[in-house]
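Working notes, beginning with the structure itself.
None of the figures in this text is laboratory data; all of them are computed from the coordinates on show. Small disclaimer: the values here were computed from a predicted structure and weren't measured. Cβ atoms come from the backbone with ideal geometry, glycine included; neighbour counts cover every protein chain shown.
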Amino acid sequence: MKLERLASVLKAVSHPKRLRILALLAEVDHEVCVCEFVDALELPQYQVSQHLRELRNENLVKGNREGTWVYYSLCEDETGERRGLIEGLVKAIDTEDYNDEVEKLKERFNKRENGKCTVGYDEED
C-alpha cells in the first residue's frame, strides 16, 4: 500500500468508535444494520452514520441497502492489504474494550426476523 494511501486509511481508523465498528464487524463476521450499531454503541444514528461514512470512504466497509435498512460489512480487497491491516488493528485492541458492544450486538441480532433487522432505533438519541 502506498504511503499516502496508508496515511489516509490510518487517519480514518484513528477514532476509537471507528475502531470499535471495525472490531465488531470482524467479531460477528456478517452484515450489521446501522440501527444495530446504534444500539450496540449507544450512539445517535447520525454519529454512527458519520463514522461508517468515514470507513466507507476509505473502502474499509461497504454498505448494502435493502429497502430502508443499510447493512455494513468489511470490504474485501484483491490484495488483502486492507483486510490484513484491519485484522492487525483488531488484534491489538484489548477485547475488554468492546466486549459489551459485542454482547449488545448479539442480543440485538435476536430481534431479527428471517435474518433481517426490522426493529429500527430510538429516534430520541
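So what is log10(I(q)/I(0)) for the stretch 37-94 at q = 0.16, 0.21, 0.25 1/Å, when the Debye sum runs over its Cα atoms only?
-0.59, -0.94, -1.14
Calculate, in nm to one decimal, what K106 and V28 gain on full extension: separation in residues at 0.36 nm each, minus their alpha carbon distance.
27.3 nm
Could you pull out every Cys in the chain that lacks a partner Cys with its beta carbon under 4.7 Å away?
C35, C75
Against the longest principal axis of the chain, how steep is helix 3-12, in degrees 0 to 90 to the nearest 10, with axes from Cα atoms?
Once rounded, the angle reads 30 degrees.
Please arrange K17, K106 by how many other C-beta atoms lie within 10 Å of their C-beta, fewest to most.
K106, K17
When the Karplus curve 6.51 cos²θ - 1.76 cosθ + 1.60 is applied with θ = phi - 60°, which whole-Hz ³J(HN,Hα) does each residue of the stretch 35-52 get, with x for Gly and Pro?
So the Karplus estimates, Gly and Pro as x, are 5, 5, 5, 4, 5, 5, 8, 6, 10, x, 4, 5, 5, 4, 4, 5, 5, 5 Hz.
Show that you can apply the helix-only estimate: for the chain, add -39,500 (n - 2.57) for every DSSP H stretch of four or more residues, divide by all residues, and state [θ] at 222 nm to the nearest 500.
-16500 deg cm²/dmol
Points 7 angstrom from Cα along the Cβ direction at N57 and E78: gap in nanometres?
Output for this residue pair reads 2.5 nm.
Which whole-number percent is the relative contact order of the chain (Cα, under 8 Å, 6+ apart)?
Relative contact order, the chain: 32 percent.
Calculate, in nm to one decimal, what S8 and E96 gain on full extension: separation in residues at 0.36 nm each, minus their alpha carbon distance.
28.9 nm
What list of whole percents do you get for P(r) of the stretch 3-109, with Cα-Cα distances grouped in 5 Å bins up to the one holding the largest distance?
That works out to 2, 12, 25, 27, 20, 9, 3, 0, in percent per bin.
If each residue of separation counts as 0.36 nm, what is the full-extension length gain between K116 and L89 once their alpha-carbon separation is subtracted?
Full-extension gain reported as 6.9 nm.
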